[in-house]
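Worksheet: the structure to be examined is printed underneath.
Since every read-out is calculated from the coordinates, none of them should be taken as a lab result. Bear in mind the structure is a predicted one, so any value in this text is a computation, not a measurement. Neighbour counts are summed over all protein chains in view; Cβ atoms, including those assigned to glycine, are modelled from backbone coordinates with ideal geometry.
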């Protein structure tokens, strides 16, 4: 019985170590890809925020559409790079949560571009993926861990 218990502890320890390395990395890579793609589309495209400015939640509905466009574009692109390398992960995850909530309210919630049938499912998945990054950080394969360790 003791051998089985020791084996179980070893396996659980190995899985926990792998989790601390690969789980945040997987989330960061997936989210970085998605937000980079979205930011690049905005960067190369035309500003259509003027058409939906009135749907933006307060206080973003008071900001000029051009500034909102730039804020969204650069937050997505810089945030994606930061997630990719794991630098400022909590800050950029929170920033991208704000962008996602605004996008959901102004665009995805049945008002225009819906990436799935109901308009809320994919943004909700992204928000759920950001939670472990905000709460737990970037993980061991990150510049955050290299520079700041586990604080």
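A compact table of results
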quantity: Folded to 0 to 90 degrees: helix 89-103 orientation relative to the chain principal axis, Cα; calculated: 40 degrees
quantity: Sites residue 70 and residue 21 - FRET efficiency at Förster radius 30 Å, r taken between beta-carbons, to 0.05; calculated: 0.25
quantity: For 34, 76, 16, order by how many other beta-carbon atoms lie within 10 Å, fewest first; calculated: 16, 34, 76
quantity: Span from the segment 4-32 Cα centroid across to the segment 37-108 one, whole angstrom; calculated: 32 Å
quantity: Sorted by Cβ density within 10 Å, fewest first, the residues 142, 10; calculated: 10, 142
quantity: Residue order, fewest to most beta carbons within 10 Å, for 19, 145; calculated: 19, 145
quantity: Label-point separation, residue 40 to residue 55 (7 Å along Cα→Cβ), nm; calculated: 2.6 nm
quantity: Over the chain, relative contact order from alpha-carbon pairs under 8 Å, at least 6 apart, %; calculated: 29 percent
quantity: Tilt relative to the chain, helix 2-44 - C-alpha long axis, 0 to 90 degrees, to 10; calculated: 20 degrees
quantity: Rounded FRET efficiency, nearest 0.05, which uses the C-beta distance separating residue 10 from residue 127 and R0 of 35 Å; calculated: 0.50
